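The structure under discussion appears below in the form of structure tokens.
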Amino acid sequence: IPAPILASETSAARLLDMKPGEFRLLVEAGHLPKGREIAPGVLRWVTDDLRRIASGEAIEGGIEW
């Protein structure tokens, strides 16, 4: 089964092992990117962007674990 290239809010939260409400709060606070409106009222998150956030690649200047 191919991995989705876009994810709904619920799926995006699940990919980051979060509850949808927790994910929504982080998006609203600007800690996570906003979804893209791909059709009127239809928001989706790019799964590659979520992977870059989870791996630390999305942080300017890098990250050390």
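Sequence-distant contacts, meaning Cα pairs under 8 Å at least 6 residues apart, place the relative contact order of the chain at 32 percent. Would you compute the Debye intensity of the range 4-65 from its alpha-carbon atoms alone, equal scatterers and no solvent, and pass along log10 I(q)/I(0) at q = 0.12, 0.22, 0.23, 0.28 Å⁻¹ to two decimals? Log10 of I(q)/I(0), two decimals: -0.29, -0.91, -0.98, -1.29.
Between residue 26 and residue 10, residue separation times 0.36 nm minus the direct Cα-Cα distance comes to 4.4 nm. The simple spin-label model puts a point 7 Å past each Cα toward its Cβ; for residue 3 and residue 48 those points are separated by 1.1 nm. Computed over protein heavy atoms with a 1.4 Å probe, the accessible surface of the chain works out to 77 Å² per residue. Carbon-plus-sulfur fraction of the accessible area of the chain, 1.4 Å probe, in percent? Result for the chain: 55 percent of the exposed heavy-atom area is carbon or sulfur.
Sites counted here are GluC sites (Glu not before Pro) in a DSSP loop (not H, G, I, E or B) having no more than 15 other Cβ atoms within 10 Å; the longest part of the chain that contains none of them is 1-56.
The values are calculated or read from the model by the stated rules, or taken from the named source; none is laboratory data. On a predicted model such as this, the values are computed, not experimentally measured, just so you know. No Cβ is skipped: glycine too gets one built from the backbone with ideal geometry, and neighbour counts run over all protein chains shown. Please note that ligands, DNA and RNA were not included when accessible areas were found on the heavy atoms of the full protein model with its side chains. Shrake-Rupley method; radii C 1.70, N 1.55, O 1.52, S 1.80 Å.
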